[in-house]
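See below for the structure under consideration.
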Amino acid sequence: MSLPTTVPDVVSRLREIDDRLSPEDGVAVFNRMYLTVTEQIAGLLATASTFHDGPTMAELDVRFANLWLAAYDADTAGSAVPAAWRPLFEGRRAACLPIQYAVAGMNSHIEHDLPIAVVETCRARRTAPEELRRDYEAVNDVLAQVEGSVRRSFLDSVGHEIDDRIGPLVHLLSVWNIEKARDLSWVTVETLWSLRSTRLLRGRFLDGLGHTVGMASRALLTPTGR
């Protein structure tokens, strides 16, 4: 399946996936949350005053989303899924809570896919990452609101059931922070930008990044047995 080329196309594709998958599917949980984020970003892009460079942010949004969609399509086709995404697809029906799938997916997408998308966008538009920094940080508020809503929903759903089994999971999830993840992602952007002319070293760095991010996502998907 061809990948989207516009933000509205991305929203349509995410909705198609949401309609196709069972709500209990861990992949569906992340995709639904990502759809919410993308719809909000689409609304911001429609407001001319939101971003310093709206067209570049729109391209970044599409490139970013397409890395998730490429992983989804690879799994659907029975092909190899990128290392950063394997834990989510392998554990999509494990005994995990919805919040685990949401956070694990955010971890893979932000810490692995986002820096790649930023660098690809900069190269395509012949600009430097620093030119995108202000708009990049402007997205943080949207992501923080969605993440906060997801976390509150999780706490409401478990209520008084936070016991010795769920308590450690709450602690594990509280360690992951979306703002810190995006800060780390920007450091990765700067690293990849510095390595853009050294194909071998860049490839080795990306390989290591994919496996490291994948390990963190796998830890976030530790089954609760619920």
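Where a number appears in this text, it was derived from the coordinates with a stated rule and is not lab data. None of the values given here were measured: they were computed from a predicted structure. When we count neighbours, we look across all protein chains shown, and the Cβ atoms used for this are built from the backbone with ideal geometry, even at glycine.
Under the convention that each Lys and Arg Cβ holds +1 and each Asp and Glu Cβ holds -1, the size of the dipole of the range 7-220 around its Cα centre is about 620 debye. Post the alpha-carbon centroid distance, the range 72-89 to the range 1-29, in whole angstrom. A separation of 15 Å, based on Cα centres.
Calculate I(q)/I(0) for the range 1-121 by the Debye formula, one identical point scatterer on each C-alpha and no solvent, and give its log10 at q = 0.16, 0.21 Å⁻¹ to two decimals. Listed by q, the Debye log ratios stand at -0.75, -1.25. Cβ crowding within 10 Å ranks Asp73, Asp207 as Asp207, Asp73, fewest other Cβ atoms first.
What do you get when you divide the Cα radius of gyration of the range 7-220 by 2.2 N^0.38 Å, with N the number of residues? Provide the component values of the computation, followed by the final result.
Working: Rg = 17.1 Å, N = 214, 2.2 N^0.38 = 16.9 Å.
Taking the Cα Rg and dividing by 2.2 N^0.38 Å, one obtains 1.01.
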